[in-house]
Amino acid sequence: MKINNIGRVNVNPYNKQMEKMEKAQNVSKRDKIEISSEALELQKGGPLEIERQEKVEKLKEKVQSGEYEIKPREIAKKMYDFWNL
């Protein structure tokens, strides 16, 4: 029995996939973010945030100048109290 290539169309099975990928690359969607005014206010920080930043700056200065004293007994006591409550 002889089978002829009747009705054979030169179709590459990967053409559709390639077309989809090209379309996806051509259409570049951009994400958008909208931040509410309340969120912007929260990002600015309040008096507590400013106070915390001042404490951090003072500690940095002490550490850099060598004035910062580590008290191992106090650290151990606080750790013990934290884990044994």
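Just so it is clear, none of the values below were taken in a lab; they were calculated from the coordinates. No experiment lies behind these values; they were computed from the predicted model shown.
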Worksheet item: Under 24 Å from the Cα of Lys44, which lysines turn up, not counting those fewer than eight places away in the same chain?
Response: Lys32, Lys55, Lys58, Lys60
Practice prompt. Grab the Cα-Cα distance for Glu57 and Asn84, subtract it from 0.36 nm times how many residues apart they are, and report the gain in nm with one decimal.
Written response: 6.5 nm
Item to complete: Apply the Karplus parameterisation 6.51 cos²θ - 1.76 cosθ + 1.60, with θ equal to phi minus 60°, to every residue of the stretch 43-58 and state each ³J(HN,Hα) to the nearest whole Hz, in sequence, with x for glycine and proline.
Response: 5, 5, x, x, x, 5, 5, 5, 4, 4, 5, 5, 4, 4, 5, 4
Practice prompt. Work out, step by step, the length gained on full extension between Met21 and Ile35: first 0.36 nm times the residue separation, then minus their alpha carbon distance; give nm to one decimal.
Written response: 1.8 nm
